[in-house]
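A quick write-up on the structure given underneath.
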Amino acid sequence: MDLIERIKKFYHLTNEELEFSQRAWKPKSVSAKTYFLEEGKIAKEVAFIESGLFRSFFYDDNANDITTHFFQPGTVLISMKSFNTQFPSKENIVALEDSKIYVMNYEESQELFELVPKWRQIVKDVDEMKFNEMMNRSIQLQTLSAGERYEMFCQNYPLIIQNVALKHIASYLGIDIATLSRIRKKM
């Protein structure tokens, strides 16, 4: 599994620690349009995406679907706040296409922390990375034009541009679909 190889490379786990780590992650197939997490439910699993795409979103007061994040292969699939606190989620996470993931439930993650203490640092680093992504996105939404945001998105997420509905991309970028269409015609 790619995740274990990355962890082995950066965190120098022993063979025993690697074995415990590999056993904690279970392969799972997820069909397109299947929810990984629904609003109001507690995130009981964290996953690593081997293949496929996921999208997180919530509904605003007017029942508009607002995309907050895309998850692609090689990334961690998580609702951080709900998983870490074990409180109900305010977001939904859904598979956009048939996907293969590796999952670990909350109880197994706590056990892994005891068996392999280095996992505490791994999780801290993932949380910090996710927080930095959110901060950068927040700054971009406030400082870049719609065209600049779309251009940056295209550079950073070519897989998503090719495989995700434009309405979800527009929502993520904080613009309406008509504006996104005009930007795309100019490019």
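The values are calculated or read from the model by the stated rules, or taken from the named source; none is laboratory data. Small disclaimer: the values here were computed from a predicted structure and weren't measured. All Cβ positions, even for glycine, are placed from backbone atoms using ideal geometry, and neighbour counts span all protein chains on display. Each accessible area value is taken on the protein alone, full model and side chains, heavy atoms only, with ligands, DNA and RNA left out. Shrake-Rupley method; radii C 1.70, N 1.55, O 1.52, S 1.80 Å.
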**Request:** Check Ile161, Ile177, Ile183 and return the single one that is more than 19 Å from Leu3 (Cα to Cα) and touching a Cys at 6+ places or on another chain (Cβ under 8 Å).
**Result:** Ile161
**Message:** Name the residue that is nearest to Phe57 (Cα to Cα), counting only residues in segment 126-154 that are of a type in the set (Gly, Ala, Ser) and without any contact (Cβ under 8 Å) to a residue 24 or more places away in the chain.
**Reply:** Ser138
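This table checks each residue for (1) closer than 20 Å to His168 by Cβ; (2) without any contact (Cβ under 8 Å) to a residue 40 or more places away in the chain.
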{"site": "Glu5", "(1), (2)": "no, yes"}
{"site": "Lys8", "(1), (2)": "no, yes"}
{"site": "Leu18", "(1), (2)": "no, yes"}
{"site": "Ala24", "(1), (2)": "no, no"}
{"site": "Ser31", "(1), (2)": "yes, no"}
{"site": "Thr34", "(1), (2)": "yes, no"}
{"site": "Ser56", "(1), (2)": "yes, yes"}
{"site": "Asp61", "(1), (2)": "yes, yes"}
**Item:** Whichever residue in segment 155-170 is surrounded by 14 or more Cβ atoms within 10 Å (Cβ to Cβ) and without any contact (Cβ under 8 Å) to a residue 24 or more places away in the chain and, among such residues, is nearest to the chain's Cα centre (by Cα)
**Value:** Ile161
**Any chance Ile175 is assigned to a loop (DSSP other than H, G, I, E, B) and open to solvent by less than 40 Å² (accessible area, probe 1.4 Å)** = yes
**Request:** Filter segment 1-50 down to residues that are open to solvent by less than 50 Å² (accessible area, probe 1.4 Å), part of a helix (DSSP H, G or I) and either of a type in the set (S, T, N, Q) or in contact with a strand residue (DSSP E or B) (Cβ under 7 Å, 6 or more places away or on another chain) (or both), then give me how many there are.
**Result:** 3
**Check on Ser181, surrounded by fewer than 14 Cβ atoms within 10 Å (Cβ to Cβ) and either without any contact (Cβ under 8 Å) to a residue 12 or more places away in the chain or β-branched (Val, Ile, Thr) (or both)** = no
